[in-house]
Amino acid sequence: MMTRASVVAEPPASGGGPRLLVVDDSAFERRCIARLLAEFDDLRVEFAAGGRTALEALRDDPPDLILTDLVMPDIDGLELVRRTRELRPGLPILLMTAFGGEDAAVEALRAGAADYLSKSRLEKDLKPILRRALDACVVDRRRRLLNERLVRRESEFELGPDPDLIWALAIALVEDVAALGLLERPDQIRLHVALQEALANALYHGNLEVDSELRQEDESIFHDLAEKRRGLEPYRSRRLRVRAEYDRERAVFEIADEGPGFDHHRLRREIEPEDLTRIGGRGLLMMRTFMDEVVYNERGNVVTMTRRFPPPRKGDRGQTVATTACEASREAVS
């Protein structure tokens, strides 16, 4: 039966340093690693004697960083990487491999590991690789602390008829809001859907004036016309203007296009079952469903969407961290 063994290599003076979880089924290897890590003054080191025990630790009290062996009898390092990515997206994982484990290490990197090192080179490589990872963790922790203290932020964007930038903007706006730590992952996804639909409506139906009815029978007709109009006047000169403003109570997004507008008064009708399957109008339904308020100007070319945040529970402030912020920390390590 696997049991969790936790030790502190060097008790940090402040007790608030980053926590490293070392996962290895060999007691001898764990002692060797403890010796190598003894010089890290502000590092709290804990040990797990297998992948299953490590997963229990992740659920109960996740560390800041994981260093794991690749080959273990219960759950190997590759599977641990995959499950960690599901449980704690963005948590940096360093993988230790024995001779001949390079192929598996590459697979682990693709699955989400931040870096890997050979056990035969631990004495030479462990310290610099771990130092890089810890530096990235410190940056990420400071970013989280700053986000917890963010009071208000406002940004404005002006974009041409470029779908790739539209999709990138939707992701960036969600990342900014998620960094506040006030929305759980499912709500972040809903926010992304609403923003993506609103931006797509503004680009395709607003500035490019492509009717959604064209999508009913053949999607290619819709997209071919949109692509053609991106290079024609007056469509190619039209701009999307996006303003985002958010604080710890709500996020407000204003999306304005330069098209002729549309009759938005029909949005006041009740949602019908066929709206869920109809291609045209589904976006408006998603916007109304996932946002607390959706308001158009009289012309119908400016939409303002509001998403209110639930009040944080006592002791929860800053606990929900943007996935992408953690991802940035992981990428910085590699």
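The values are calculated or read from the model by the stated rules, or taken from the named source; none is laboratory data. Keep in mind that what you see is a predicted model, and the values were worked out from it rather than measured. Virtual Cβ from ideal backbone geometry, glycine too; neighbours counted across all protein chains shown. Calculation scope for accessible area: heavy atoms of the full protein, side chains included, ligands and nucleic acids excluded. Shrake-Rupley method; radii C 1.70, N 1.55, O 1.52, S 1.80 Å.
Could you check segment 25-51 and list, in sequence order, the residues that are buried (at least 19 other Cβ atoms within 10 Å of the Cβ), outside any loop (DSSP other than H, G, I, E, B) and not β-branched (Val, Ile, Thr)?
Those that are buried (at least 19 other Cβ atoms within 10 Å of the Cβ), outside any loop (DSSP other than H, G, I, E, B) and not β-branched (Val, Ile, Thr): Arg30, Arg44, Glu46, Phe47, Ala48, Gly51.
Starting from segment 140-153, take each residue that is without any contact (Cβ under 8 Å) to a residue 40 or more places away in the chain and list its partners that are part of a helix (DSSP H, G or I) and open to solvent by 40 Å² or more (accessible area, probe 1.4 Å), counting only C-beta distances under 7 angstrom and pairs at least six apart or across chains.
Partner pairs satisfying both residue conditions: none exist.
Name the pairs: first residue in segment 160-175 and closer than 15 Å to Glu227 by Cβ, second residue open to solvent by 70 Å² or more (accessible area, probe 1.4 Å) and part of a helix (DSSP H, G or I), Cβ to Cβ under 8 Å, at least 6 apart or on different chains?
Listed by first residue and then by second, the contacts come to Gly160/Arg236; Pro161/Arg236.
Can you confirm whether segment 3-24 contains a residue that is surrounded by fewer than 18 Cβ atoms within 10 Å (Cβ to Cβ), in a strand (DSSP E or B), at pLDDT below 85 and hydrophobic (A, V, I, L, M, F, W, C)?
yes
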